[in-house]
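Report on one structure; see the data block that follows.
The values are calculated or read from the model by the stated rules, or taken from the named source; none is laboratory data. Quick caveat: nothing in here was measured; it's all calculated off a predicted structure. Note that each Cβ is placed from the backbone with ideal geometry, even for glycine, and that neighbours are counted across all protein chains shown. Surface accessibility is based on the protein's heavy atoms, side chains included, excluding ligands, DNA and RNA. Shrake-Rupley method; radii C 1.70, N 1.55, O 1.52, S 1.80 Å.
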Amino acid sequence: MTRHDNSKDEAGMNTRLAHLGPSPHDYHGFVNPPVVHASTVLFPNARTMETRSQKYTYGTRGTPTTDALCDAINELEGSAGTILVPSGLTAVTVPFLAFLSAGDHALIVDSVYFPTRHFCDTMLKRLGVSVDYYDPAIGANIETLIKPNTKLVHTEAPGSNTFEMQDIAAISAVAHRHGAVVTMDNTWATPIYFKPLDFGVDVSIHAATKYPAGHSDVLLGTVSANAATWPQLLETHGTLGICGSPDDSYQVLRGLRTMGVRLARHQESALSVASWLEGREDVARVLHPALPSFPGHDLWKRDFKGSSGIFSFVLAADNPEKFKPKAHAFLDALRYFGLGYSWGGYESLAVHVGLGDRRICKAPAEGPVLRLQIGLEDVADLKKDLEAGFAAAAAV
């Protein structure tokens, strides 16, 4: 089966991941596309140069390497086009700049990734865009928050750090009735477990740094748009001069080939750890959408095809003054879990989550929130590591 064989659309996800993107026969039979390092592109004559009537015109506008990744992402997303940017945060902010102008209003989910909130509260404010934050559980009632100048609704499901679910289809339907563009940060699920454009989202955003790359060594963001919004997104991308590098694009394309296998392992291990945590007296709550006990579980089960390896839990602590000391003691006792902010790689990570920015989805009162990225290690070793953390926290 070649990568351009129509039968791949009916194949399983791992088969598709192994074959999506350009055909090896486009590159003399080599399985992987070449890494094309480029800035200057030559034209055959002045007329072609004037009209830019050739596929490649300058390195920032794409190369065979970046196009190979974009083609693969488009196949996964079902999108009209994809742009590559240097980071996940850039993948969020470029669409904001594409579809918002001075005097416009945006609605942003309150459980949003904190750097996105910071951009909204600083850069968008400076540009004359007003922002309101909404409860992720609002669903179709988001209509009560729509204003005549609402131009964009930004969603993220599950929510950052606390994993609240959203009814993406209902929110998209309301936003579109009022002429607003809907964007979604879908980094947690990837297109394997949730396809935003199938649920009415206009622009799907991913930190490809995470599961697509998968090895904690690449920074890259992807932004995929439907046919209606693609021209404006592409124009903004070119105007800003922002692009992903060919080396990083190659690394992410390589990571895509094993993403399905890795995600299955992340999912299985994370659910094992999460279920184990639920049975502990020193855990007040586990924040994982795939657990039946989680408030947004029914939405997750209805719309998503799976879950990834990142979730949080609330460490039981009856004295607020001990929240931070207990959290720090827990983290400092870990050996297999690294203390780091990213996720999606092969290694497990842990972080004490700060929720002081929240306006609606307030921090749990039962104790500190600890976020875990469950990597590819053996679950028994990870549980033993967490046992050491609980013992250290109990001693505080």
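Open to solvent by 20 Å² or more (accessible area, probe 1.4 Å) and either in contact with an Asp or Glu (Cβ under 6 Å, 6 or more places away or on another chain) or of a type in the set (Val, Ile, Thr) (or both) - does that describe any residue in region 306-315? Spell out how you get there, then give the answer.
Quick first cut of region 306-315, residues open to solvent by 20 Å² or more (accessible area, probe 1.4 Å) only: none.
Within region 306-315, not a single residue is open to solvent by 20 Å² or more (accessible area, probe 1.4 Å) and either in contact with an Asp or Glu (Cβ under 6 Å, 6 or more places away or on another chain) or of a type in the set (Val, Ile, Thr) (or both).
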Exercise. Cβ-Cβ below 6 Å, separation at least six or inter-chain, first residue in region 352-377 and under 25 Å from Gly214 (Cα atoms) and in contact (Cβ under 8 Å) with a residue 60 or more places away in the chain, second assigned to a strand (DSSP E or B) and of a type in the set (Ser, Thr, Tyr): which pairs?
Worked result: Val369/Ser312; Arg371/Ser312
Exercise. Name the pairs whose Cβ atoms lie under 6 Å apart, with the first residue in region 249-274 and over 18 Å from Phe313 (Cβ atoms) and charged (D, E, K, R), the second open to solvent by less than 10 Å² (accessible area, probe 1.4 Å) and part of a helix (DSSP H, G or I), and 6 or more positions between them or separate chains?
Worked result: Arg257/Leu17
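Yes/no per residue for (1) in contact with a helix residue (DSSP H, G or I) (Cβ under 8 Å, 6 or more places away or on another chain); (2) modelled with pLDDT of 95 or more; (3) open to solvent by 50 Å² or more (accessible area, probe 1.4 Å); (4) among the polar types (S, T, N, Q):
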residue: Asn186; (1), (2), (3), (4): yes, yes, no, yes
residue: Thr190; (1), (2), (3), (4): yes, yes, no, yes
residue: Lys210; (1), (2), (3), (4): yes, yes, no, no
residue: His215; (1), (2), (3), (4): yes, yes, yes, no
residue: Val218; (1), (2), (3), (4): yes, yes, no, no
residue: Ala227; (1), (2), (3), (4): no, yes, yes, no
residue: Pro231; (1), (2), (3), (4): no, yes, yes, no
residue: Thr236; (1), (2), (3), (4): yes, yes, no, yes
residue: Thr239; (1), (2), (3), (4): no, yes, yes, yes
For this session: Tell me which residues, restricted to region 83-98, are open to solvent by less than 10 Å² (accessible area, probe 1.4 Å) and β-branched (Val, Ile, Thr).
Result: Ile83, Val85, Val92, Val94
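Among the residues that make up region 15-33, is at least one of them outside any helix (DSSP H, G or I), in contact (Cβ under 8 Å) with a residue 12 or more places away in the chain and among the β-branched types (Val, Ile, Thr)? Explain how you work it out, then say what you get.
Of region 15-33, the ones outside any helix (DSSP H, G or I) are 20-23, 28-33.
Filter again for in contact (Cβ under 8 Å) with a residue 12 or more places away in the chain, leaving 20-23, 32-33.
Narrowing the set further to residues that are among the β-branched types (Val, Ile, Thr) leaves none.
No, region 15-33 contains no residue that is outside any helix (DSSP H, G or I), in contact (Cβ under 8 Å) with a residue 12 or more places away in the chain and among the β-branched types (Val, Ile, Thr).
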Exercise. Does Asp26 satisfy the criteria of being open to solvent by 20 Å² or more (accessible area, probe 1.4 Å) and either within 26 Å of the chain's Cα centre (by Cα) or of a type in the set (Ser, Thr, Tyr) (or both)?
Worked result: no
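Determine whether Ser53 is crowded, with 24+ Cβ neighbours inside 10 Å, touching a helix residue (DSSP H, G or I) at 6+ places or on another chain (Cβ under 9 Å) and part of a loop (DSSP other than H, G, I, E, B). Steps first, answer last, please.
Values: crowded, with 24+ Cβ neighbours inside 10 Å: no; touching a helix residue (DSSP H, G or I) at 6+ places or on another chain (Cβ under 9 Å): yes; part of a loop (DSSP other than H, G, I, E, B): yes.
Judged against the criteria, Ser53 is not a match.
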Problem set entry | Single unsatisfied condition, Ala392 versus (1) of a type in the set (A, V, I, L, M, F, W, C); (2) closer than 22 Å to Pro115 by Cβ; (3) touching a helix residue (DSSP H, G or I) at 6+ places or on another chain (Cβ under 8 Å); (4) surrounded by fewer than 22 Cβ atoms within 10 Å (Cβ to Cβ) | (2)
Exercise. Taking Thr51, is it within 25 Å of the chain's Cα centre (by Cα) and among the β-branched types (Val, Ile, Thr)?
Worked result: no
Problem set entry | Pair list, Cβ < 6 Å and 6+ apart or interchain, from region 282-301 residues that are more than 26 Å from Asn319 (Cβ to Cβ) and open to solvent by less than 20 Å² (accessible area, probe 1.4 Å) to residues that are part of a loop (DSSP other than H, G, I, E, B) and polar (S, T, N, Q) | Ala290/Ser307
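Could you tell me which of the residues Asn141, Asn161, Asn74 is under 30 Å from Leu42 (Cα atoms), modelled with pLDDT of 95 or more and open to solvent by 10 Å² or more (accessible area, probe 1.4 Å)? Full working, then the answer.
Details: Asn141 fails: under 30 Å from Leu42 (Cα atoms); Asn161 fails: under 30 Å from Leu42 (Cα atoms).
Being under 30 Å from Leu42 (Cα atoms), modelled with pLDDT of 95 or more and open to solvent by 10 Å² or more (accessible area, probe 1.4 Å) holds for just one of Asn141, Asn161, Asn74, which is Asn74.
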For this session: State the number of residues belonging to region 110-138 that are touching a residue at least 40 places away in the same chain (Cβ under 8 Å), open to solvent by less than 60 Å² (accessible area, probe 1.4 Å) and hydrophobic (A, V, I, L, M, F, W, C).
Result: 1
For this session: Go through Gly340, Gly344 for me and flag whichever is open to solvent by less than 50 Å² (accessible area, probe 1.4 Å) and under 18 Å from Arg265 (Cβ atoms).
Result: Gly344
Exercise. Out of all the residues in region 360-376, which are basic (Lys, Arg) and at pLDDT below 95?
Worked result: Lys362
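For region 347-354, state whether one or more residues are closer than 21 Å to Pro158 by Cα and touching a His at 6+ places or on another chain (Cβ under 6 Å).
Taking region 347-354 and keeping what is closer than 21 Å to Pro158 by Cα, we get 348-354.
This time we only want the ones that are touching a His at 6+ places or on another chain (Cβ under 6 Å), so: none.
There is no residue in region 347-354 that is closer than 21 Å to Pro158 by Cα and touching a His at 6+ places or on another chain (Cβ under 6 Å).
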Exercise. For region 141-173, which residues satisfy the criterion of being in a helix (DSSP H, G or I), over 23 Å from the mean Cα position of the chain (by Cα) and touching a residue at least 24 places away in the same chain (Cβ under 8 Å)?
Worked result: Glu143, Leu145
For this session: Taking the options Ala98, Ala106, Ala137, name whichever one is farther than 21 Å from Gly354 by Cβ, within 21 Å of the chain's Cα centre (by Cα) and part of a strand (DSSP E or B).
Result: Ala106
